[in-house]
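Asks: This structure is in structure tokens; I'll ask about it shortly.
Each reported figure results from applying straightforward, stated rules to the coordinates on display, with no laboratory input. Every value quoted in this text rests on a predicted model; they were computed, and no experiment measured them. No Cβ is skipped: glycine too gets one built from the backbone with ideal geometry, and neighbour counts run over all protein chains shown.
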Amino acid sequence: MNGRRVTIRDVAGRAGVSIATVSNVFSGNKPVNEDLRERVLQAAKELAYQVDRAASQLRSGQARVVGVLVPDLDDVFFTSLVSRLEVLAQADGYDIVVASSRDNVSLEQSRLRTLLAWRPSGLIVVPCSDAVPQNLTAEIGRLPIVFADRVPPGGSVVDTVAIDNREAGEIAARHLLALGHRDIVITASSLAISPIRERVRGATEQIRGLAGCQVTVAELGSASEPGAELFRHWLEQHAQPSAVIALTNVTTLSTLSALARLKIDIPDPVSVVGFDDYPWMSARKTGLTAIRQPIGELAAAAWQRLRARMSGDDAPPQSIVLQTSLQVRDSVRDVRSSVTAGGRDDLDTTPTEQEAPAAHKAVH
């Protein structure tokens, strides 16, 4: 075609049919004789024709596209979420257009403008901050929108789907405390994000509620390599903790990398509880104990709410909260015997007026 874009007219000419017939084959708006359909598809294949979905939707006024915005496509949690949403959307006859904000508010605004230019049927958004993205405020009420994973702490004017982040932190901390760990480091991505603050809150309240315990929070950012270097440096400057709770899959990888670079074994001398549960976590010689997020349920709930809104559901916004679970493997050792041998068995004690819990220390 001399380098120019192949059009529906070219396909119609090659197949010997009308432009309307080609349009009906690809849109499904009207049934087409099977022989004609095969001729059109063969012609399209020979010409490497691709449907211009944006143009066809503008002509028909019916968008079958859903926009999905996530903070970072390098993060396997978000790519897993997108993958599941894609399957659900396809099953209902929708395509999805995906964009990443790179955890940057300005870029988030730009990406949302691009997604909105598609005139989508709806949006599923994982905001990169605690605030509702500015250029979505005008769309609320007229465009179906669902917030997933990161939910504004003050509530939301759209449907939201998230895990119980505070409980997730509590589960990890309780597991370590039950096995005798008393000096615990929490590796977080960013305390500016409400789900991370809630996970920290859940864990620290459990740890500080037991006499003789101390907890440190280290912010490592949302990139694994810089985070590994930050934590390696921290480990070199401080006394070795008994255990680490990593609050995201990225900080889990950063934590493991930092320990490996310093040749610190798991679980002895340092135990680790990770976050999210991916195949590589159980493929290690020492399987990783981890908090599992129900990502399949999260994607399904987000899609279900968006699908309902796109079908005309005008009920008040719903807030769906899902529970996590602990996958116990070999990365946490039982140190209760050493605690008892040291002359202190305080596994079931609580702070008294004379025994104030250790202070929470934040490392930036």
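Asks: So for each of 7-20, 188-201, 252-265 I average, over its residues, the number of other beta carbons within 10 Å; can you give me the resulting order with the highest mean first?
Replies: Peptide ranking by packing, descending: 188-201, 252-265, 7-20.
Asks: For an R0 of 51 angstrom, estimate the FRET efficiency from the Cβ-Cβ distance between HIS233 and ALA315 and round to the nearest 0.05.
Replies: 0.50
Asks: I've got another one for you. Hey, could you grab the Kirkwood Rh for the chain? Inverse mean 1/r over distinct alpha carbon pairs, Å, one decimal.
Replies: 23.2 Å
Asks: So, by mean Cβ neighbours within 10 angstrom, what's the order for 241-250, 297-306, 81-90 with the highest one leading?
Replies: Per-residue mean Cβ counts within 10 Å order the peptides as 241-250, 297-306, 81-90.
Asks: Moving on. ILE320's amide H: which non-local residues (gap 5+, or another chain) put their own amide H closer than 5 Å, with H modeled 1.01 Å from N in plane and none for Pro or chain starts?
Replies: THR160, VAL161, ALA162
Asks: Which residue, TYR278, TYR94, TYR49, tops the fluctuation ranking in a GNM of the chain built on C-alpha contacts under 10 Å?
Replies: TYR49
Asks: Rounded to the nearest 0.05, what FRET efficiency do ARG102 and GLU38 have when you use their Cβ-Cβ distance and R0 = 51 Å?
Replies: The pair ARG102/GLU38 has a calculated efficiency of 0.70.
Asks: Now a separate question. Please give the calculated 222 nm ellipticity per residue for the chain, where each DSSP H segment of at least 4 residues contributes -39500 (n - 2.57) and the sum is spread over every residue; nearest 500 deg cm²/dmol?
Replies: So the calculated ellipticity at 222 nm is -12500 deg cm²/dmol.
Asks: Taking amide H positions as placed in the peptide plane 1.01 Å from N, state which residues far from VAL217 in sequence (5 or more) or on other chains have amide H under 5 Å from it.
Replies: It is ILE186, LYS361, ALA362, VAL363, by chain and number.
Asks: What list of ³J(HN,Hα) values in whole Hz, one per residue of region 8-18 in order, does the Karplus curve 6.51 cos²θ - 1.76 cosθ + 1.60 (θ = phi - 60°) give from phi, with Gly and Pro shown as x?
Replies: My calculation for region 8-18 gives 5, 5, 5, 5, 4, x, 5, 7, x, 10, 7 Hz in order.
Asks: Where the eigenvalues come from the Cα gyration tensor of region 8-51, what are the semi-axes √(5λ) of the equivalent ellipsoid, largest first, in whole Å?
Replies: 14, 10, 9
Asks: May I ask you to evaluate 6.51 cos²θ - 1.76 cosθ + 1.60, the Karplus curve with θ = phi - 60°, for each residue of region 198-211 and list the ³J(HN,Hα) values in order in whole Hz, giving x for glycine and proline?
Replies: Couplings: 5, 5, 4, 4, x, 5, 5, 5, 5, 5, 6, x, 10, 4 Hz.
Asks: What is the local net charge at GLN293, summed over the other residues whose Cβ is closer than 10 Å to its Cβ (Lys, Arg +1; Asp, Glu -1)?
Replies: Here the charged neighbours net out to -3.
Asks: Still on this structure, I have one more. With the crude spin-label approximation of a point 7 Å out along Cα→Cβ, what separation in nm comes out for ALA308 versus ALA192?
Replies: Roughly 3.4 nm, to one decimal.
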